Structures are given as C-alpha cells and as structure tokens.
Amino acid sequence: MPVDPTALQTQGLRDGKAVLVPDLAAASDWRGMNPVFAERVLGAGLGSLIAVPMRARGTVLGIASFWRRGEFHPDDVSSAEELVARAAVCVDNARRYTREHALAFALQRSLLPAELPEQNAVYAAYRYLPAEAGVGGDWFDVIALPGARVALVVGDVVGHGLQAAATMGRLRTAVHNFAALDLPPDELITYLDELVTRLDQDDPAASETAPVTGATMLYAVHDPTTGRCHMACAGHPPPARVHPDGTVDLVPVPPNLPLGLGNSPFETYTVDLADETRLVLYTDGLVESREQAIDTGLDRLTAVLAGTGRSCEQTCTEVIDALLPSPQQDDIALLVAATRRLAPDRVAQWDVTDDPAAVAPARAACMRQMTAWGIGDDLFAAELILSELITNAIRYGDPPITVRLLYDRYLTCEVSDTSHNAPHLRHAATLDEGGRGLFLIAQLADRWGTRYTPDGKTVWAEQLLTVNRRPSS
C-alpha cells in the first residue's frame, strides 16, 4: 500500500502514538494512506477512526485501524491501545516461534546424515519426521566400522527447539568419535553417559533450560562375518527383529537408565542374526503418545512388521503409514536395516607361530589367497602391510597370533595377539634402523587402527580396492 508521509496514520507510526479521527467526512488528512480505500470507507457509512501503532520489543510491526459508524470518543483510545498491545505480543510471539522453528528445522536437517555411508554389512533405509509442534532432538546414524562391520544408532534428546537440535548434534558427534575408537557398545554408552553428566554440570545456566540428562540411545554393532550383533541401550525402546520367515519379536536389550541419570553399569546384549534379518530401530514418538501407551504401540509395530517380501524402504513406508500419530506430538526417527552375511570364501584366517621365521610363510599364504580372490593391482601394497603387521605382532605382541583377511568393499588385514599394548605411529630419525613400519602402513592403507578385545588386541588396516575407487574429478 502506498504511504503518504503527511497522513495521520503515518505520523502515528513515526511518533508511536494512537491517532483519533472523530469525523472522517470532515477530515481529509487521514486519506493519504489510500485515497481509493478512503472513498469506499465513506461510502460504507463509517464515520470515525482510531489508528494505533502495533509495537513489540521496540519494533513497529504495523498499524491497527478501528472503524466505527458512530463517533469514537477520547476515552476509547486507551481501550484500543490496550487491545493492540496484547495483539502485538501475540503477533511477536508467533513471529519468533515461526523463525525459531525454521532455524531448528534447518539445524536438525543439517546435523542428521545427508546420506548413509557406503557399506555392505546391511541394507538400510530411514525416515525422520519432525513434530508438528516443533523440531526435537531425535537422530539416527549408520557408521561403517573396520572389519566390514557397521554400527546402527538411534537416539532421542529431551525437549524441542534449537536447544534440543544443537544438543543432538553434540551427542551425534560424540558417538562418531567414540565409534572411531572401536569401543564395545556398553563402553561407548558409558563414556557418553559421563559426557552428558559433565555437559550439564559445566553449564548450569544452559542445563536449567535444556538439560541433556534424560536423553536415550540405542547402539548396535553388526558383524557380517559371524552374523553376531552386539547392542547396548540407555533408556531407549527395544529394537524389533523381523526374522527371515516373517515372524517378529522385540530384542530384549537391557533398558538401563537414560543418559546422565545414574551410575548403573550398562550391559551389552549379544544376538545372532540370520542373513536378511531386518532390525528396526525407532524413537518413542512412533509407539507412544498421550492417547496411546507404549505397550499398545509396540504391539501395533510388531503386527505391521510381520511378513516377508518387503524391502527396507517399503518397511519404512508401511510403518509410518500405519503408526504415524495424529496430531504428531513428538519427533519420529525410524531406521530399518536388513543384515547380510559375508560369504565364507571371502574370509581367510591363519595362526602364526611366535617366530620371525614364520613371517615369510604367513605372507606367502596371504598372497596366494589374495591372488585367488583376483586382487592384482593392490597386491604389492597389501603384501607390505601384512609384513609389517605380522612382524610387529611377533616382535612386540604375545602369542597366540592370528592373521585374518576380509575381502569386501575393502581388503581388511587384521593381526591379533593377546597383548594389550597398542602400537603408535612415530617418525623415525634419519639414522634410526626401525620405527618406520606403522608410518609405511599409514601411507599405504586408507585406514588403520587398533581394536581391543577381551583377549588382547587386533591391529587392522583397510585398503579400498582399485575396482571400488571412484574416479577423481
């Protein structure tokens, strides 16, 4: 609408004061805002006007006009100002809520995985649906681990809005960092529990408005070489398991307490999964609401999941269509993963004696196996990596020593022994006769590291095979 700077309403906006026009027909200086509209007002028989600037937190949001067929009196101005003041607060709250909701939604989307990592341990699909009242702190993740394994994660942060989304990002980053250390599920959640406790203690002002304490999480690690899955939980609903024959049950993972609520030890639950078993991880917004108890929601979930012949994408769609509550009061994160087994002929293992003379025969056996797999272009680098790993295990480790090769998207070389002393990378000086082994491995392998086991440790190195490498742009 064009604005006349000389119009009374414009002066009211500038001065921040209400404007009273007791006789519209006799006055002309109110018509500058919109002359055409002014003629329509007079034609409708309206005879008086009060224009009140709408202000909130020092910002002018607009102007509210009150029209009357009769005559407004000066006493009516205060009533109009009070009404507009109340309306301004409501409008400002709505603007702030809309802006915060948009920011929280954008933050949440940016912190969730844009796409799932490339790996062959599971076929996975997911859904994330923000609550109608505002974005919360639900998240999911699929993390590729060494040894062809994969970690499946789903979590739920209490609350909604920017604080919950930001907290979710902090926890998700922490899970990735702990997963990089290849910790068992119970140890990973224990470290995360301690982190949550420290976060709330270190920032009391923030914890009063958006405490992390009470967040829940489920962390599962699936090994396709054995079909074994290790899970640990912090107050989260149990995952559903759809067997290859279509039957469904809930995996009895010990629930424990949510993160930050106590010092009870977390437990790892181990289960063997057949090939093409579907694991369904979800947040409580899918199965629990004010109108539905969680037991009822779990019964409905298992009923929907029953049956065979569905892909992970189809499973996600059918679960959401059947269980999506209306209205949706909480976020929903859903992750469906169909397990796969690594073919036995893609795994080779040897025991190595604690003797430097055993390095050459072990290396030769590995070379024969890799040649049988058709690994040609990467054979030289693999031979050097194996030589260094086996030599280090014999020199610094404790027997028994085991060598294992995994042929998947990566060629994984693993050497295990019963010592808990971890190797660490160092740079040898010019005249040093040793100290270059791990440096050589780090240069030749795409990734390498150490994984601790109850019986010792495993030093591993991964090579992305030439046939799987994307051409550089």
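In a simple Cβ point-charge model (Lys, Arg +1; Asp, Glu -1; nothing else charged), region 52-173 has a dipole of about 220 debye relative to its Cα centre. Each part reduced to its alpha carbon centroid, region 305-376 and region 146-205 end up 24 Å apart.
Normalising the Debye intensity of region 267-408 to I(0), with uniform scatterers on Cα atoms only, and taking log10 at q = 0.13, 0.17, 0.21 Å⁻¹ returns -0.73, -0.92, -1.23. Computed over the chain, the percent of Cα pairs more than 44 Å apart is 38. Our note on the geometry: Cα centres of region 241-269 and region 275-291, 12 Å apart.
Taking the longest Cα principal axis of the chain as reference, the axis of helix 359-372 is set at about 60 degrees.
Of the whole protein surface, Asp345 contributes about 100 Å² of accessible area at a 1.4 Å probe radius. Once the Cβ-Cβ distance of Asp321 and Asn177 is raised to the sixth power relative to R0 = 45 Å, the FRET efficiency obtained is 0.80. Dipole orientation for the chain: of the candidates Phe439, Ala365, Leu389, Phe439 has the Cα lying most toward the positive pole (charges on Cβ; Lys, Arg +1; Asp, Glu -1). Residue separation of Ala343 and Glu82 scaled by 0.36 nm, minus their Cα-Cα distance, works out to 86.4 nm of gained length. Between Ala25 and Leu261, the modelled labels are 7.3 nm apart [label points 7 Å from Cα along Cα→Cβ].
The values are calculated or read from the model by the stated rules, or taken from the named source; none is laboratory data. Just so you know, these numbers come straight off a predicted model, no measurement behind them. Glycine also receives a Cβ, built like all others from the backbone with ideal geometry; neighbour counts cover every protein chain displayed. Protein only, heavy atoms only, side chains kept; ligands, DNA and RNA dropped before computing areas. Shrake-Rupley method; radii C 1.70, N 1.55, O 1.52, S 1.80 Å.
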